[in-house]
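The values are calculated or read from the model by the stated rules, or taken from the named source; none is laboratory data. Just so you know, these numbers come straight off a predicted model, no measurement behind them. We place every Cβ from the backbone using ideal geometry, glycine too, and count neighbours over all the protein chains shown. We work out accessible area using only protein heavy atoms, side chains counted, and drop any ligands, DNA or RNA first. Shrake-Rupley method; radii C 1.70, N 1.55, O 1.52, S 1.80 Å.
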Amino acid sequence: MFAPAHDELNVFQSAEARFEIACQKLGLEDDLYRYLKYPSKEVTVYIPVSRDSGQLEVFIGYRVLHSTVRGPGKGGIRFAPDVSIDEVRALAAWMTWKCALVDIPFGGAKGGVICDPSKLSKHELERITRRYTAELSEWFGPERDVPAPDIGTNAQTMAWVMDTYAMHTRQATTAVVTGKPLALGGSEGRTEATGRGVMMCCDKALAKLKMKREGCRVIVQGFGNVGSQAATLLHQAGYKIIGVADIHGGLYNENGFDIPRLVDWVYTQKKPLPEFSAGGTKMSAPDVLFNPCDILIPAATENQITSQNAHRVDCKILCEGANGPTTSHADPIIDKKGIFIIPDILGNAGGVTVSYFEWVQDRQGFFWREDEVNGRLQHVMERSFDNVIRYAETHGVNNRIAAYIVAVDRVAQALRLRGIYA
Ligand code: GLU
């Protein structure tokens, strides 16, 4: 048994704290509670990789299969210097609750490799990906565990996963991994899916709070896939993006940024976000977060809003694009402020929902148009959002706890039907 340290920044603790509250409120049977508290399997892989210099380096990677109660494991692979087993374990648990919340037939899993992609060449990243996949070739599979992109990985990484798996199993199985390039069985709309899901949640929250898109002031922290896609779609829809930040720093502009120009600056011209030439006051990334706004979207990484700074959050809606951006210790502070929260397992669920569509399309060998993908995504996001709000209102809990309760209850129902092979 593992015993995570009792400190606020341990993300597994944060995930567990919300799970505990949900179980208590649900009155979950002891046996089911004990079963669901732990992940199903964990593995550490030591990945020997030949660096471009010719020297051999060994990288450490993990894969955690949290649950297969409702279907195969599902979840991204993260490449980052601060990956740890506790983090991967938390992210895997969040995948279980996220897939259950949006009612797609997957369990939860997550993987990670401790490495800094910004300091590795494309060939080195390819070798890490291939050896990691080779070590897990019996673990992965369309009916076992289906990886996807996360921080530090992308469609190209997923193409390498698919190819390596194909080399080991001697057959092309596109459904083994999602978030692939379109030419390799990827889905229309997958790249934008998480950002699009964020926007759909913001639209729903505005309708609920009787607010308008036009002039609605938004701050987006993080300008990777999720943050940049969310900012682009929100900007297109008439929202005003007044604050942006990434690892290089932040920018604030009360008149709103020209997001297509900013995306071009960062992604085409490859220039640092805080140096953006078309307006904005430079400030540190954390400071951007605490400017007054209508919607705050943390879309970077974990532990951004903590008990130390939550009192500074000044928004009406907090829509979590990242996984675990708010610690469980910050929850009561955010609650007290009356902020309408769209928790991570709902806010960023658009990504895995379109991953599910990709898996379905791959298995059918029949591909959908982008408007079909987006229409189905909208249906899933709206249904899930409505479920969370309905539960929160009828049971007098906040949206985060409501989301966990809906999710844990769904997994528990499936587990009761399957029975525990104990
Ligand atoms: N890494 C993403 C997440 O945290 C996507 C997972 C997936 O598509 O399987 O939700």
Worksheet item: In whole Hz, what ³J(HN,Hα) sequence does segment 397-413 give by Karplus (6.51, -1.76, 1.60; θ = phi - 60°), x for Gly and Pro?
Response: 10, 6, 4, 5, 5, 4, 4, 5, 5, 4, 5, 5, 4, 5, 5, 4, 4
Worksheet, complete the sentence: For the chain, the per residue accessible area (1.4 Å probe, Å²) is 41 Å²
Worksheet item: Dipole of segment 89-175 (Lys/Arg Cβ +1, Asp/Glu Cβ -1, origin at the Cα centre): which of ALA155, LEU120, ALA92 lies farthest to the positive side?
Response: LEU120
Item to complete: Grab the eigenvalues of the alpha-carbon gyration tensor for segment 4-128, scale each by 5, take roots, and send me the semi-axes largest first in whole angstrom.
Response: 32, 15, 11
Practice prompt. Would you mind working out the magnitude of the charge dipole of segment 102-249 relative to its Cα centre, with +1 at each Lys and Arg C-beta and -1 at each Asp and Glu C-beta, to the nearest 20 Debye?
Written response: 540 debye
Item to complete: Keeping every protein chain in place, order ARG34, ARG18 by accessible area at 1.4 Å, biggest value first, i.e. largest first.
Response: ARG34, ARG18
Worksheet entry | Sites ASN309 and ALA422 - FRET efficiency at Förster radius 56 Å, r taken between beta-carbons, to 0.05 | 0.80
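Of all the C-alpha pairs in segment 138-197, what % are more than 17 Å from each other?
Counting pairs separated by more than 17 Å, the tail of P(r) holds 35 percent.
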Worksheet item: Once a ≥ b ≥ c are taken as the square roots of the eigenvalues of the Cα gyration tensor of segment 222-285, is the result rounded (a/c under 1.5), prolate (a/b larger than b/c) or oblate (a/b not larger than b/c)?
Response: rounded
Discussion item. How would segment 323-422 be classified by its alpha-carbon gyration tensor: rounded, prolate or oblate, with rounded meaning a/c under 1.5 and the a/b versus b/c comparison settling the rest?
Written reply: oblate
Item to complete: Just the number, please: carbon plus sulfur as a percent of the accessible area of segment 2-142, 1.4 Å probe, no ligands or DNA/RNA counted.
Response: 51 percent
Discussion item. If I take every Cα pair under 8 Å that is 6 or more residues apart in the chain, average their sequence separation and divide by the length, what percent do I get for the relative contact order?
Written reply: 17 percent
Worksheet item: Anyone know which of ARG89, ARG190, ARG217 comes out most mobile in the 10 Å Cα GNM of the chain?
Response: ARG217
Practice prompt. Place a +1 charge on the Cβ of each Lys and Arg in segment 200-251 and a -1 charge on the Cβ of each Asp and Glu, then give the dipole magnitude about the Cα centre in debye, rounded to the nearest 20.
Written response: 320 debye
Discussion item. Taking amide H atoms as placed 1.01 Å from N in the peptide plane, list the residues 5 or more away in sequence, or in a different chain, whose amide H sits under 5 Å from that of ARG78.
Written reply: GLY111, GLY112, VAL113
Worksheet item: P(r) tail for segment 161-239, what percent of Cα pairs lie past 18 Å?
Response: 54 percent
Worksheet entry | Whole-angstrom gap from segment 214-278 to segment 124-183, using each part's C-alpha centre | 31 Å
Worksheet item: Which aspartates and glutamates, on any chain, are close to LYS180 with Cα under 16 Å apart, when same-chain ones fewer than 8 places away are left out?
Response: GLU126, ASP145, ASP150, ASP163, GLU188, GLU192, GLU358, ASP362, GLU370
Discussion item. With n ≥ 4 as the cut-off for DSSP H runs, can you work out [θ] at 222 nm for the chain, using -39500 (n - 2.57) per run divided by the number of residues, rounded to the nearest 500?
Written reply: -13500 deg cm²/dmol
Practice prompt. Starting from the exponent 0.38 and prefactor 2.2 Å, build the expected Rg for segment 47-86 from its residue count and divide its actual Cα Rg by it.
Written response: 1.61
Practice prompt. Using only the Cα atoms, work out Rg/Rh for the chain, with Rh taken as the Kirkwood radius, to two decimals.
Written response: 0.95
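Pop out the carbon and sulfur fraction of the accessible area of segment 256-361 as a percent, whole number, probe 1.4 Å. Walk me through the numbers on the way to the answer.
Details: 1930 of 3730 Å².
With neighbouring chains kept in place, the figure for segment 256-361 is 52 percent.
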Item to complete: Would you mind working out the magnitude of the charge dipole of the chain relative to its Cα centre, with +1 at each Lys and Arg C-beta and -1 at each Asp and Glu C-beta, to the nearest 20 Debye?
Response: 520 debye
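Just to check, using Stokes-Einstein with a Kirkwood Rh over alpha carbon pairs, what's the diffusion coefficient of segment 118-256 at 10 °C and 1.306 mPa s in µm²/s?
On the way: Rh = 17.1 Å.
The Stokes-Einstein estimate is 93 µm²/s.
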Item to complete: Distance check, please: which entries in LYS98/LYS240; LYS37/LYS122; LYS74/LYS337; LYS41/LYS270 exceed 32 angstrom between their Cα atoms?
Response: LYS37/LYS122; LYS74/LYS337; LYS41/LYS270
Practice prompt. Return the distance in nm (one decimal) between the two label points of a simple spin-label model at GLN236 and ARG383, each offset 7 Å from Cα along Cα→Cβ.
Written response: 2.4 nm
Worksheet item: Rounded to the nearest 0.05, what FRET efficiency do ARG213 and SER118 have when you use their Cβ-Cβ distance and R0 = 30 Å?
Response: 0.25
Practice prompt. Go through SER284, PHE257, GLY215 and say which Cα lies farthest out towards the positive end of the charge dipole of the chain; charges sit on Cβ, +1 for Lys and Arg, -1 for Asp and Glu.
Written response: GLY215
Item to complete: Would you mind giving the average projected area, over all directions, of the Cα convex hull of segment 251-361 in nm² with one decimal?
Response: 8.4 nm²
